[in-house]
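Heads up: the structure comes next, in structure tokens.
The values are calculated or read from the model by the stated rules, or taken from the named source; none is laboratory data. Everything numeric here is computed off the predicted structure, so don't read it as measured data. Using ideal geometry, Cβ is built from the backbone for each residue, glycine included, and neighbour counts are taken over all protein chains shown. Just the protein is used for accessible areas: all its heavy atoms, side chains included, with ligands, DNA and RNA removed. Shrake-Rupley method; radii C 1.70, N 1.55, O 1.52, S 1.80 Å.
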Amino acid sequence: MFTLTAGIPSMNEAELRKFGGFIEREFGIKMPATKKSLLESRLFKRVQACGLSSYSGYFDFVTKDPKARDEFLRFVDLVSTHETSFFREERHFNFLRETVLPALCREEGRRAISVLSAACSTGEEAYSLGMLVNAAVQDHRRSDISFTVEGVDLSNRAIAMAQRGVYLAESTEKIPDELRRRYLMVSRDRSKDLCRIVPELRRRMSFHTGNLLGKPELESHRYDIVFCRNVLIYFNQANQRQAVATLLDHMASGGFLFLGHSESIMGFDLPASIVSHAVFRKD
Ligand SMILES: C[S@@+](CC[C@H](N)C(=O)[O-])C[C@H]1O[C@@H](n2cnc3c(N)ncnc32)[C@H](O)[C@@H]1O
């Protein structure tokens with residue numbers, strides 16, 4: 001039964017422990033007591049929508065009932081944070097454009113550039129990468145290099161949005177003008193104020209769900225560039241190490257791994273060395 005605080009029923013200690021333990025075990029996401037009101041406000045509507053009368057009832061339904069598959073996907077979506085934007089933490093994109101991509105495009109025998117956006121959320125990071133790689137390949141006249149950008153995320157809803165590649169015009173403001181002209185189409189319906197990524201780029205992209213702490217089904221074992229930003233902060237140290245080790249296993253040697261500006265693999269004893277702020281190169 002519910003006890004009300006500020007309109008939203010509060011979760012008792014035992015319920016918080018159950019949800020927190022499950023979320024950290026399954027997805028790696030830490031749920032300390034400070035996240036209690038966030039969890040309550042996100043889950044209460046789902047408890048009601050499922051016609052249940054307590055958080056415990058919802059926990060049992062979503063974690064144990066085979067009929068709850070759709071609800072499980074909603075739950076996953078609600079307990080993770082999806083904040084993202086085009087060209088977020090711009091310094092990494094500058095490093096890519098000025099240093100990494102010119103070097104890859106100058107390699108004579110190179111035929112492919114393979115990129116992964118791990119924990120890609122709704123796709124803005126992956127499309128930012130796609131724009132830069134496509135522009136570099138064209139500008140270096142390397143039509144013999146094919147490239148792919150793959151995005152993976154825990155959230156089904158975020159992946160569906162990434163696959164559509166449709167964004168509010170105002171959210172595209174950080175895309176440099178030249179790239180915006182090349183890779184965005186503006187909706188013909190002016191009242192909608194939407195943009196879509198051009199088909200030429202969408203064709204190079206693939207998005208799918210996957211858990212970085214399980215065995216995500218990644219398409220390559222030789223990624224040249226991996227972005228895994230602003231997700232390790234939600235993990236404990238052991239899970240951070242496990243997720244990065246999995247990614248490094250799927251990278252070409254010499255490949256570049258970009259983490260969020262406040263994330264690091266220092267002290268994890270993994271086969272990669274720092275080359276710039278939150279950028280590592282696989283040994
Ligand atoms: C804050 S967003 C970061 C998006 C993007 N990388 C960026 O920096 O803008 C974090 C994303 O990590 C995803 N996520 C959380 N735990 C995950 C896991 N175990 N496996 C895959 N994705 C996960 C969430 O669904 C969310 O979309």
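Some values worked out for this structure:
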item: In the range 181-198, the residues that are assigned to a loop (DSSP other than H, G, I, E, B) and surrounded by 13 or more Cβ atoms within 10 Å (Cβ to Cβ); result: S187, V198
item: Tally, over the range 56-70, of residues that are out of contact with any Phe, Trp or Tyr (no Cβ under 7 Å at 6 or more places or on another chain), closer than 27 Å to N236 by Cβ and modelled with pLDDT under 95; result: 1
item: Some residue of the range 6-14 being within 16 Å of the ligand (Cβ to nearest atom), β-branched (V, I, T) and open to solvent by less than 60 Å² (accessible area, probe 1.4 Å); result: no
item: Complete set of residues in the range 106-119 that are in a loop (DSSP other than H, G, I, E, B) and either under 30 Å from F19 (Cα atoms) or touching a Pro at 6+ places or on another chain (Cβ under 8 Å) (or both); result: A119
item: Residue check for G57: small (G, A, S), closer than 30 Å to K36 by Cβ and away from the ligand (no atom under 16 Å from the Cβ); result: yes
item: Single match in R229, R190, R281 (criterion: basic (K, R) and farther than 21 Å from H92 by Cα); result: R190
item: Test for E178: is it assigned to a helix (DSSP H, G or I) and exposed (fewer than 14 other Cβ atoms within 10 Å of the Cβ); result: yes
item: Top-ranked residue in the range 120-160 [being assigned to a loop (DSSP other than H, G, I, E, B) and near the ligand (Cβ under 7 Å from one of its atoms); ranked as most open to solvent (accessible area, probe 1.4 Å)]; result: L154
item: Odd one out for E13, checked against (1) more than 19 Å from L212 (Cβ to Cβ); (2) touching a residue at least 12 places away in the same chain (Cβ under 8 Å); (3) among the acidic types (D, E); result: (2)
item: Any chance V76 is closer than 30 Å to H261 by Cα, touching a residue at least 60 places away in the same chain (Cβ under 8 Å) and within 16 Å of the ligand (Cβ to nearest atom); result: yes
item: The range 106-119: number of residues that are under 22 Å from R229 (Cα atoms) and either within 12 Å of the ligand (Cβ to nearest atom) or surrounded by fewer than 16 Cβ atoms within 10 Å (Cβ to Cβ) (or both); result: 4
item: Residue under evaluation A103, criteria (1) in a helix (DSSP H, G or I); (2) farther than 16 Å from I225 by Cβ, criterion not met; result: (2)
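Rundown of residues vs (1) at negative phi; (2) in contact (Cβ under 8 Å) with a residue 40 or more places away in the chain; (3) acidic (D, E), yes/no style:
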| position | (1), (2), (3) |
| --- | --- |
| R46 | yes, no, no |
| D60 | yes, no, yes |
| S85 | yes, yes, no |
| S114 | yes, yes, no |
| E124 | yes, yes, yes |
| G130 | yes, yes, no |
